[in-house]
Structures are given as C-alpha cells and as structure tokens.
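S.K.: I am attaching a structure below and will ask some questions about it afterwards.
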Amino acid sequence: MAVLSKIRERSLFLIIIIALALFSFVLSGLFDGNLFNKTAANIGEVNGEPISREEFAQQVEIFRNRSAGRTTNFQNINNAWNSLVREKVYQTQLEKSGVIVGEKDVWDAIVEQVSSQNSPQFTNEAGLFDQEKLKEYIATLKDNSEEDENGQAAWLSWINYEKGVKKSLEQNTYNSLIKAGLGSTLVEGENQYFYQNVSVDVDYVYVPFTNIPDSLVTVTDNEMKQYIKDHPKEFTVKESRDLSFVQFKVQPTEEDDMEIRNQLISLIEDREEYSNAAKSTVMVTGFRNATDMKEFNAENDSDTPFDDAFYTKEALPKIIADSLFDKNKGDMIGPYKDFGFYRLSKITDIKQLPDSVKASHILIAFAGSAAADQSVNRTEAEAEKMADSILTLVKNNNSKFESLALDLSADIVSGAKGGDLGWFGYRTMIPEFRDYAFENSKGSMGVVKSQFGFHVIRIDDQKNIQKNIQVATFSRRIVASETTENQIFEKAEIFASDLESGEDMSALASAQNLELVPALNIEEFDDNVSLLGSQRQIVRWAFEESAEVGEVKRFDLDNGYAVVVLDRKNKAGLSGRGKNVRGIILKQKKIDLIKERSTGTTLEEIAEQNNVTKATAMAVSNTSPVFSGSGRFVDIAGVVTALDENVLTKNIVGKNGVAFATVIKKTLPEPLPNYNGNKKNMERALKARSLQIFEALKENSEIEDNRAVFY
C-alpha cells in the first residue's frame, strides 16, 4: 500500500523514530512501574494461583496451531485465557475435594481413546489394538525429541496431549461427583405430575399495564439512581469506551480496472520485447500460443496457478461452460471479469473420461511416505521394486490381487476388502491416482507413486464416459493502483488533520459523503470494533492512559484506513446505561396503582374499578396456560392452578399486567400407579443444568486479569 512506498522513501528517518519510540517505551515502563511491577509480571491470577507469561504464551501457541489460521491472534489469546482459567478454577476445587487422577488413570484413558484404538500404527498382525505398539511409539517420540526441532515439536505435542487428557479426566471426575448429588424422589415426581396436569376453570379480571398511561406516573432521577444502587448485580458494568470512526476503503477505480484489463490484453498475442540478457529484441510467446501454461502463469505472475484437472460442462464456471466448452482445443475467451479478477481462459486439452471409477489398489509404503508407520524401513527404491513385482504377479494371475492386498497393503481399510476402494468421483483421489484411474480403460493395471507410497492400481469398472476439457486460466486480481492508494491515504490524513483542527466530525463526514459509524461500549478485552471487525490495535489505543476524550487517530486497515475519535470513557461500576431503569420503576409503580385502586370484594367490583371486564377461562393448566380473550400467561397459570375453589385471590402479578381470579372448578388428574417416569424426567432436567457447574465455580472464584497490559 501507499504506506510501504513512504517507508522506503524515509527509511533513515523512520529508523531514528523507531529507536526513539523504543527508548520512550523503556522509560515509560520505568516510570509507571510495569517493568518491575510484580502484578504485571503475570498474565493473571485465579484463586491466588498465578498464570505466568510463559505458561500463557505456550497455551496461545497451542490454540494457534490447532486453528491453522482459522482464528485471529486475539481469539487465540481469549481461548488460551479461558482454558487456563477453567483449569485453575477446577484445580482449586480438586484440591478441596481430594480428587486425584494418577498416571494409570491417564494411561487407561489414552488407551481407550478412539484415535488410539483405530490407529493402524498401534495394531498387531491380527489387526487388533496393541498397547505395546503405542508404548513403542511414545518411546520413539521421546528419543527423536533430542535430534531436531521437528522431533522436539512432536514430543511437546504428545506431552500437551497427555496433559489435556489428565485435565479432562480431573474435570469430568469432579463434575460426576456433583451430578451424583442431583437426584430426585418419587414424591417429587408425583408432585411434578400433579403440578403439570391439574386444570382449573377460572373467573378472572386482567388489568394490563397499558391501561395506565405513562403520563400518570412520575419517575425521578433519584428513584432511578436508588434502584441501581439497590440492585448492584443487575447494573454493574465494566470500564468501556465509546468511539466514532470513518472508514476510507482502498478500492480500485475505473481507471485501475481498465489498466488491469489492458495488461491482460497485452499478454494474449506474441510480442517483441528487448532482452537485457540477449542484448537484443526477442519474441515472447503470448497466452494464445503458449504450450506450457504452468510456466506461462508463473513467468507472468498470474494470481491463480495453472489447474491441470479435466472438467465436465456442469463442473465448469458458467461463463466458461457457456462460452468455451463446445469449442476446440486452443480456443480462448477473455479478458472477462469474474469474482474480482480479470481472466483469460483457453482449452488446452479435450478427453473422453468417466464421471466415476471403481478401482482397487495395493499400497506399498516406504520410510518417509505419508502412509508409513514406525515399522516401515524399506527405501523408496525397494518399495518401487516391490510394487513392480506385485504388478507383474497380478497381471499374470489377477485372482491373487485380493490376497496380496490383504497381506501387503499399507492401506489397512481397503486391504481388508481385498484392495477394493469402491466407486469414487474425479476429485476424490489425489492427482496421481486420479489421472491413472480416469485416463486408462477398464481392466488396466499399473503402478503410480504418490506421497503415500507406490500404488498398484487395478481399474475394475467405469461409468458415464463423456467429454471433459482442461482449461488454462490466467488471472489478475482487480486491485487499486499505487496512485489510488496514495489518494485514499492523503484523504484520510487530511480528514484526521481537519478533526484535530477543531472541525465537527459529523459535518465533515457528511460534506464528503462518508459514513460516520459509532462503536459504543467497547470493553478492554474486546477484539472487534463494529464494522471494522478485528481491530485490537484500536481497542488498545482507546484504553491507553494517555488517550484523551476527543483525541483523533488514523489506523491502517487491511483494506484502507480508519480515522477514529475517542468520544467517551465509561468508568466501571454501577450504571443504568443501556438498561431501561425507568421502565422497570414505571412498571412497579403501575402495579402499586392497580393494587391501590382494586379494593373491591368481588371480581365485578374490581373490573369496574379498573375499567375492564370480567372473563372466564376453561381448562387452564401449566401445560396449557391460555386465558381465552386475554392471551397466554405462564406466570399467572402457575398461581391459579394452585388455588382453592371459590376463593378470590388478588394481585397476581404477571409479566405484562395484574390478574385477580376465582377458581370455579378444579380438576385433578388421575393418579398414576408409578411416578418413576416423572422422577427420571426431573433428574434429567437437573443433570442438564450440570453444564452450569463451571460458570458457578467461576463466579465464586477470585480472578485477576492482566491481559490488557501485554496484548
């Protein structure tokens, strides 16, 4: 981007600036105490147990490797934190309860893992799992750990796996102890049955809160403040920041688009170019006449590699299928626009291929191949010679193929079926295997090499032979030019400068047709910033002690820039911000008003006092809490089904109103001969709540989080 060109232009100046910045960072650490602060030395603490920087860094690396790039760095940091907090919260409880998981428990759990039981590496000659082979594998990992970095990484991975198994065992053991106490009795099962199935016919008066206009109720600021103070758990908020930003996206202009299109046009035909090496003009082969398309794409910097696969018409992109499939070898189309690229495409080969193949193989692995376990020590040359010998044997006597596959194939799954791989499509197998199976005829046998070893292949059958074409495509991504990048950079810089000079952000954004976006309640450990996505750099800046309200800063994004203003610093503590405190108090005052004026001794009198009508609901139960004419009220049904007949009950507060009721008929369900089913249902419900065990333990733990100091 433009920033890179500016760096190149000012390299010496930037080196000086970076050196000064590092020196400033060290000085600031000395003055604020972070470099020598004992608290800041650790990432955090759980119940007095520290989480060290080294321990945390290892855990982050584990999650980074697991995700294989699918998660952001800060997501890995959060995952590592949650994992370590969970481990240490349980550690406290395990020590208190005296639960101990020993080495034998861990070994037994590893042995019982499906991955261990089903691994070909750990099976004996009879195809059964063998603990001794697993022990040999672990011993080999340990020995190899002293040889090179790969060996060390493999051994560390195993150690972490063992630790993970142990942690899982410990936590599951503790959770099982808790679950064992979550039981129920037959009496409780009986009570639940009657509670769910009793029904009542009821006369009632329902007064919704909307019957009282909001204008009749006054809620003061002091009342709201007092309510927040009286309910601290509901209104305790973390420290946060409010931001506003304008995004400047670096996008290609029409001129950039046309320039890239013209670049592809210039590559189509052969052309003369001056060669520094030859000191003369040479003829350069164009896309139309090039024969080695892999080399052409590489030499001309295609943004997509050459694909040597063959495709039916249905499997091709629509634009190629419609414009090229029925043409001849060498015919081409383009430049055409497709998913953010300009492309050139031409037919490089045409073949009649089946859409599926049934084949068998015997896989001969060699040391270092992907299918080789620790017992394989034959060299590549020995494996090739062995595969050729097997091919000669089965060509002379095809009936021996199945028994040889069973005895010799490194692919145990297909080997157990005589080498049979069943039917598979064109894109199912690796290219070397695919090409042989689809480009040779039924009954053919041959040897191909892949990363797994040498395959002795027999083509058993083929279906639906039809036209396939191989298409070479050269692509250029449509991106902004350096000129465009510089213009966007300059626009963002000027916008930030104008804000720093006192211009109003809203007016400035409106004048330039830019969207002003708020990002409210950003917390210290957040990663995402509204529409900008993962932007940890902005969050960290907003929480720096030196950042002042009203401060402006430009940030580099993957696709442009953002100019951000710090609008507000929200302190941690009690706050009604974001919650309808007024609505809560308003509702309570309406309840009080309804209660005060409902002084009647009959439903008719109460209905008149509230300007509503009396109604009757039939067969109301907790499984069918419907009051005809008024709606579905689960909370009110739970009360009326427990009432005695012919007794007026007042002030039944529901979610949206207050009810007054008299049960005119109560119907009890038929008793059951046994309530064991209800008892089990209650136990299942209780055990389902065991998922909340960790959250309950965490809530009652003392946790100190210093991640923001380091990340």
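The values are calculated or read from the model by the stated rules, or taken from the named source; none is laboratory data. Predicted model, so just to flag it, every value in this text is computed and none were measured. All Cβ positions, even for glycine, are placed from backbone atoms using ideal geometry, and neighbour counts span all protein chains on display.
S.K.: In segment 251-285, which residue that is aliphatic (A, V, I, L, M) and at pLDDT 95 or above is farthest from Leu557 (Cα to Cα)?
M.R.: Within segment 251-285, the match that is farthest from Leu557 (Cα to Cα) is Ile268.
S.K.: For Gly502, work out the one condition from (1) in a loop (DSSP other than H, G, I, E, B); (2) surrounded by 15 or more Cβ atoms within 10 Å (Cβ to Cβ) it doesn't fulfil.
M.R.: Single failed check for Gly502: (2).
S.K.: Looking at the structure I just gave you, is Arg288 farther than 30 Å from Ile457 by Cβ and at pLDDT below 95?
M.R.: no
S.K.: Which residues, counting only those in segment 164-194, are among the hydrophobic types (A, V, I, L, M, F, W, C) and surrounded by 15 or more Cβ atoms within 10 Å (Cβ to Cβ)?
M.R.: Correct list: Val165, Leu169, Ile178, Leu182, Phe194.
S.K.: Only one of (1) basic (Lys, Arg); (2) touching a Gly at 6+ places or on another chain (Cβ under 9 Å); (3) under 19 Å from Ser475 (Cβ atoms) is not met by Arg261, so which one is it?
M.R.: Against the list (1) basic (Lys, Arg); (2) touching a Gly at 6+ places or on another chain (Cβ under 9 Å); (3) under 19 Å from Ser475 (Cβ atoms), Arg261 comes up short only on (2).
S.K.: Which of the residues that make up segment 533-565 are of a type outside the set (Lys, Arg) and under 18 Å from Ile494 (Cα atoms)?
M.R.: Across segment 533-565, the qualifying residues are Gly550, Glu551, Val552, Phe555, Asp556, Leu557, Gly560, Tyr561, Ala562, Val563, Val564, Val565.
S.K.: Moving on to the next point. Go through Val626, Val640, Val653, Val663 for me and flag whichever is free of Cβ contacts under 8 Å to residues at least 40 places away in the same chain and among the β-branched types (Val, Ile, Thr).
M.R.: Val626
S.K.: Of the residues Lys104, Lys166, Lys179, which single one is out of contact with any Cys (no Cβ under 8 Å at 6 or more places or on another chain), modelled with pLDDT under 80 and of a type in the set (D, E, K, R)?
M.R.: Residue meeting the stated conditions: Lys179.
S.K.: Right, here's the next one. Scan segment 299-321 and tell me whether some residue there is aromatic (Phe, Trp, Tyr), surrounded by 14 or more Cβ atoms within 10 Å (Cβ to Cβ), assigned to a strand (DSSP E or B) and in contact with a Pro (Cβ under 8 Å, 6 or more places away or on another chain).
M.R.: no
S.K.: Identify all residues within segment 98-137 that are surrounded by 13 or more Cβ atoms within 10 Å (Cβ to Cβ) and either among the hydrophobic types (A, V, I, L, M, F, W, C) or closer than 14 Å to Glu170 by Cβ (or both); write none if there are none.
M.R.: Val99, Val101, Asp105, Val106, Trp107, Ala109, Ile110, Val111, Phe122, Phe129, Leu134
S.K.: Would you kindly identify the strands (runs of 3 or more DSSP E) lying entirely within segment 548-641 that contain at least 1 residues that are surrounded by 18 or more Cβ atoms within 10 Å (Cβ to Cβ) and assigned by TED's automatic domain parsing to the domain that holds Ser530?
M.R.: 552-557, 560-570
S.K.: Scanning for something within 30 Å of Thr304 (Cβ to Cβ), modelled with pLDDT under 95, out of contact with any Ser or Thr (no Cβ under 7 Å at 6 or more places or on another chain) and surrounded by 14 or more Cβ atoms within 10 Å (Cβ to Cβ), does segment 362-377 turn up at least one residue?
M.R.: yes
S.K.: Criterion first (assigned to a helix (DSSP H, G or I), out of contact with any strand residue (DSSP E or B) (no Cβ under 7 Å at 6 or more places or on another chain) and of a type in the set (S, T, N, Q)) does Thr92 satisfy it?
M.R.: Spelling it out, Thr92 is indeed assigned to a helix (DSSP H, G or I), out of contact with any strand residue (DSSP E or B) (no Cβ under 7 Å at 6 or more places or on another chain) and of a type in the set (S, T, N, Q).
S.K.: Could you check how many residues of segment 434-458 are surrounded by 16 or more Cβ atoms within 10 Å (Cβ to Cβ) and under 20 Å from Ala367 (Cα atoms)?
M.R.: Number satisfying all stated conditions: 9.
S.K.: Could you grab me the full set of residues in segment 505-539 that are farther than 12 Å from Leu243 by Cβ, assigned to a loop (DSSP other than H, G, I, E, B) and in contact (Cβ under 8 Å) with a residue 60 or more places away in the chain?
M.R.: Leu514, Glu515, Glu524, Phe525, Asp527
S.K.: Six or more apart or on different chains, Cβ under 8 Å: which pairs go from a residue in segment 383-397 that's over 11 Å from Val447 (Cβ atoms) to one that's surrounded by fewer than 14 Cβ atoms within 10 Å (Cβ to Cβ)? Could you list them?
M.R.: Cβ pairs passing all conditions: Leu393/Lys400.
S.K.: For Arg70, work out the one condition from (1) in a helix (DSSP H, G or I); (2) at pLDDT below 85; (3) not polar (S, T, N, Q) it doesn't fulfil.
M.R.: (1)
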